[in-house]
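Read through the structure below, which is laid out as structure tokens, and then see the notes.
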Amino acid sequence: MTAGLPGDGPGDGDVRWYDDAAGPVVRPYAMTRGRTRIADGAGLDLIAVVVAEDPAGRPAAALADQTLSPEHLDIVDLTEGLPRSVAELAAGLDLPVGVVRVLVGDLVHAGLVRVTRPVPPAELPDESILRVVIDGLRAL
Amino acid sequence: MRLLRADRGRTRPAPAPVALKLLVAGGFGVGKTTLVGAVSEIRPLHTEELLTEAGRPVDDTAGVEGKRTTTVAMDFGRITLRDDLVLYLFGTPGQDRFWFLWDELARGALGAVVLADTRRLQDCFAAVDYFERRSIPFTLAVNCFDGADRYPEDDVRAALDLDPGVPVILCDAREKESVKGVLVSVVEQRFAELAHRAG
Ligand SMILES: Nc1nc2c(ncn2[C@@H]2O[C@H](COP(=O)(O)OP(=O)(O)OP(=O)(O)O)[C@@H](O)[C@H]2O)c(=O)[nH]1
Ligand SMILES: [Mg+2]
């Protein structure tokens, strides 16, 4: 999917389409070109784990896609062979979580990353996992 | 931190771990970030969440109708428990006006720590209320700041009108051992809940 990627919207000339100095109150439009809903990154939890697709399995067209921003490519780089949560990506790239959701959504559509959520957010892990958590915490 | 190690072979995608989360709530400056840092394998990381929904409260100072948004800061840490199991600790914003943000944070959370300072016990009322109403297991951890009077646990329990099942633990948010005990008590509540349901 290329529609809706940054670069399609107005203000294409902007090198950076978000603003670090926006301060505590910013207009959502400036952050994600108006795509404030996370339909693109729907359901992406803070702890959803993002991992780059195997290079061999990446669609060539997606890689050549000129509309991908440097931040999109950063996410692919950061998650190559190294699963990272949405929260970690946001912290590492110094971007708001909402922006990372949109970017990850774009990348999923482009076939460049996968998002895995072994435990769906609404479900809780079973007793055996909780046991590992308790024992693991005790052993810290 | 084996799984997220940078020297891992980069030829094939690593299996993604199961990620779990615990919340650390409490009033402003009560020691949430300190507590996360005491057990996290990484220095607590900082993220910002963008609040966009129209009609939701925005910064008091904004005073503007319409689709403006505000950002809210969160800290989090990570504990790799096993190759395929990672626990995240999120220090949630203490300000009451960011309630609605907690819904997203609380979704799927194993449970919560409500951190309290006996000198400002009222600062944690909102958090206690929040987790009680949603039946999210939590432990009330009293951060024992130097110079603060030590109240018996029962006094704290009574002052907060806590259910008998809610553990109250005196802790030092700077001490790993102390924080471990608090976290274990949260997960144990979830464990007991499951065991109860099963049996
Ligand atoms: N003496 C003492 N100081 C503490 C303890 N826990 C935290 N502090 C100090 O209290 C201050 C606030 O701690 P933080 O961990 O930043 O508190 P916080 O809840 O994250 O604060 P906000 O995110 O701003 O709401 C810091 O200067 C800590 O060093 C404690 O157990 N004992
Ligand atoms: Mg803090």
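At 7 Å along the Cα-to-beta-carbon direction for both B:ARG133 and A:GLN66, put a label point, then send me their distance in nm to one decimal.
Result for the modelled spin labels: 5.2 nm.
Compare the peptides B:164-175, B:77-88, A:100-111 by average per-residue count of other Cβ atoms within 10 angstrom and give them in order, highest first. The partial results should precede the final answer.
Details: B:164-175: 16.9, B:77-88: 20.2, A:100-111: 23.6.
Top to bottom by mean Cβ count within 10 Å: A:100-111, B:77-88, B:164-175.
Give me the number: length gained by fully extending B:ARG43 to B:HIS196, i.e. 0.36 nm times residue separation minus the C-alpha to C-alpha distance, one decimal in nm.
51.4 nm
Determine the total buried accessible area between chain B and chain A, counting protein heavy atoms only with a 1.4 Å probe; round to the nearest 100 Å².
Protein heavy atoms only, the B-A interface buries about 4700 Å².
Identify the chymotrypsin sites (Phe, Trp or Tyr not before Pro) of the stretch B:98-160 meeting these criteria: DSSP loop state and at most 15 other C-beta atoms within 10 Å of the C-beta.
Details: sites: B:PHE98, B:TRP99, B:PHE100, B:TRP102, B:PHE125, B:TYR130, B:PHE131, B:PHE138, B:PHE145; in loops: B:PHE145.
Here the sparse-neighbourhood loop sites are B:PHE145.
Step through the residues of the stretch B:150-159 one at a time and calculate ³J(HN,Hα) from phi using the Karplus curve (6.51 cos²θ - 1.76 cosθ + 1.60, θ = phi - 60°), rounding each to whole Hz and writing x for Gly and Pro.
Each residue of the stretch B:150-159 in turn: 8, 9, x, 3, 5, 5, 5, 4, 5, 4 Hz.
To the nearest 10 square angstrom, what accessible area does A:LEU93 show with a 1.4 Å probe?
30
Per 0.36 nm of contour for each residue apart, how much would the distance between B:ASP103 and B:ASP161 grow if the chain were fully extended, relative to their Cα-Cα spacing?
Length gained between B:ASP103 and B:ASP161: 18.6 nm.
How large is ³J(HN,Hα), in whole Hz, for each residue of the stretch B:111-127 in order, when computed from phi with the Karplus curve 6.51 cos²θ - 1.76 cosθ + 1.60 and θ = phi - 60°, using x for Gly and Pro?
Karplus values, whole Hz, x for Gly and Pro: x, 9, 10, 9, 8, 10, 10, 5, 6, 9, 4, 4, 5, 9, 3, 4, 5.
The values are calculated or read from the model by the stated rules, or taken from the named source; none is laboratory data. This structure is a prediction, so every number in the text was calculated from the model and none was measured. In this analysis, Cβ positions are derived from the backbone assuming ideal geometry, glycine residues included, and neighbour counts consider all displayed protein chains. All accessible areas refer to the heavy atoms of the entire protein, side chains included, with ligands and DNA or RNA removed. Shrake-Rupley method; radii C 1.70, N 1.55, O 1.52, S 1.80 Å.
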